[in-house]
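Accompanying notes for the structure given below.
Just so it is clear, none of the values below were taken in a lab; they were calculated from the coordinates. All of these numbers come straight from a predicted model, not from anything done at the bench. Here Cβ is always computed from backbone atoms with ideal geometry, including for glycine, and neighbour counts include all displayed protein chains.
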Amino acid sequence: MHHNAISIQHLSYHYPDKTQALDNISLNIHAGDRVALIGANGSGKSTFLQHLNGILLPQIGEITIGEYPMEPKFLKQIRDFVGLVFQNPDDQLFMSTVWEDISFGPLNQGIQPQELQVRCQQAMNAMGLDPGYADRNPGHLSGGEKKRVAIAGVLAMQPQVITLDEPSAQLDPRSRRQLIDLLKTLPITQLIATHDLDLALELCHRTIVLSRGQIVYDGRTEEVLYNTAFLHEHALEPPLSYSRPYCDRS
């Protein structure tokens, strides 16, 4: 496992219409970190995540994933290293059974049948999916179940880093609680882009705040999420669980 799982230096990116999505981003994600990435809509969170496994390539700046520079010739190794879980699991689930969806990635890695069986079963266990789910149609599952299947499909590829885009979106309270508890158990580097600041507060010791494509904070989660003036300045609200009458604290 690499000490610096992800290293980014001076990353900038603009859309075809010239809108600046990311502006001079520099940071390191260390092995074993669980980091929240927060920001208002349009702050650049999803664009940032898509740079971490090569969906988007840097226009300016450098990204190193493990030992691999973000270049087309290393995309296979990078996509094995970083697994991306999309916000909407329907964008990730397209096979006729849960087992086929979970095994799709490892099969494309060339994993042999005996190891494939072990990997997929371990991933299902990690996500609290009992064997009865294997033959079910993903289209008939609840939102929380779909989310767990999508994450299991990424885990079965055994990445060293998993990135999650709004993992609690569209989940009911019980499914959200189950997901948080499961993410706590994963012994893997996690980068979680979320509007759910209570989730960030519970899961992540470190938080990065993006605003208009720039990092405006990178540090302890409690420090930034208890600073209501700073959050309001960047179009964010403090976590619902924080109810003390005076929240501004630096």
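Excluding Gly144 itself, calculate the net charge of residues whose Cβ lies under 13 Å from the Cβ of Gly144, where each Lys or Arg counts +1 and each Asp or Glu counts -1. Please report the intermediate quantities before stating the final value.
Details: positive: Lys146, Lys147, Arg148, Arg174, Arg176, Arg177; negative: Glu145, Asp172, Asp181.
So the environment of Gly144 carries a net charge of +3.
Would you list Leu11, Leu56 from fewest to most Cβ contacts within 10 Å? List each step's numbers first, then the result.
Working: Leu11 21, Leu56 17.
Ascending number of Cβ neighbours within 10 Å: Leu56, Leu11.
Rounded to two decimal places and with Rh computed the Kirkwood way over Cα pairs, what is Rg over Rh for the chain? Before the final figure, lay out the partial values.
Details: Rg = 18.2 Å, Rh = 18.8 Å.
Dividing the radius of gyration by the Kirkwood radius yields 0.97.
Which of the lysines could be linked to Lys45 by a straight reach, that is with a Cα gap under 21 Å, when you skip same-chain ones fewer than 8 residues away?
Qualifying lysines at Cα under 21 Å: Lys18, Lys147.
Are there chymotrypsin sites (Phe, Trp or Tyr not before Pro) in segment 155-250 that DSSP marks as loop and that have at most 12 other Cβ atoms within 10 Å, and which are they? Let's see the in-between values first.
On the way: sites: Tyr217, Tyr226, Phe230, Tyr242, Tyr246; in loops: Tyr226, Tyr242, Tyr246.
Within segment 155-250, the qualifying chymotrypsin sites (Phe, Trp or Tyr not before Pro) (loop, at most 12 other Cβ atoms within 10 Å) are Tyr246.
What shape does segment 1-94 take by its C-alpha gyration tensor, where a ≥ b ≥ c are the square roots of the eigenvalues and a/c under 1.5 counts as rounded, a/b above b/c as prolate, and the rest as oblate? Spell out each step's value before the answer.
On the way: a/c = 1.34, a/b = 1.12, b/c = 1.20.
Because its axes are fairly even, with a/c under 1.5, segment 1-94 counts as rounded.
Could you state the angle between the C-alpha long axis of helix 143-155 and the longest principal axis of the C-alpha atoms of the chain, as a value from 0 to 90 degrees rounded to the nearest 10?
80 degrees
By its C-alpha gyration tensor, with a ≥ b ≥ c as the square roots of the eigenvalues, how is segment 55-119 shaped: rounded for a/c under 1.5, else prolate for a/b larger than b/c, else oblate? Walk me through the numbers on the way to the answer.
Working: a/c = 3.23, a/b = 1.62, b/c = 1.99.
Here segment 55-119 falls in the oblate category.
Going by average Cβ neighbours within 10 Å, how do the peptides 32-39, 168-175 rank, with the highest at the top? Please report the intermediate quantities before stating the final value.
Working: 32-39: 21.9, 168-175: 14.8.
Descending packing order for the listed peptides: 32-39, 168-175.
For the chain, what does the helix formula give at 222 nm: sum of -39500 (n - 2.57) over DSSP H segments with n ≥ 4, over the residue count, nearest 500 deg cm²/dmol?
Details: 9 runs with 82 residues, N = 250.
Per the formula, -9500 deg cm²/dmol.
Could you work out how far the C-alpha centroid of segment 5-58 sits from that of segment 73-109, in angstrom?
Between the Cα centres of segment 5-58 and segment 73-109 lies a distance of 20 Å.
Please compute the Cα-Cα pair-distance distribution of segment 154-250 with 5 Å bins starting at 0, giving whole percents from short to long.
With 5 Å bins starting at 0, P(r) equals 2, 12, 22, 24, 18, 14, 6, 2, 1, 0.
Round to a whole angstrom and tell me the spacing of the C-alpha centers of segment 110-132 and segment 142-179.
About 16 Å separates the Cα centre of segment 110-132 from the one of segment 142-179.
Name the residue from Ser96, Phe74, Cys120 whose Cα lies farthest towards the positive end of the charge dipole of segment 71-128, charges +1 on Cβ of Lys and Arg and -1 on Cβ of Asp and Glu.
Of the listed residues, the answer is Phe74.
Net charge near Gln50, counting Lys/Arg +1 and Asp/Glu -1 over other residues with Cβ under 13 Å of its Cβ?
Numbers: positive: Lys45, Arg79; negative: Asp91, Asp165.
Once all neighbours under 13 Å are counted, the net charge is 0.
In whole percent, what relative contact order does the chain give with Cα contacts below 8 Å and a gap of six or more residues?
Details: 480 pairs, mean separation 60.6, N = 250.
Computed value for the chain: 24 percent relative contact order.
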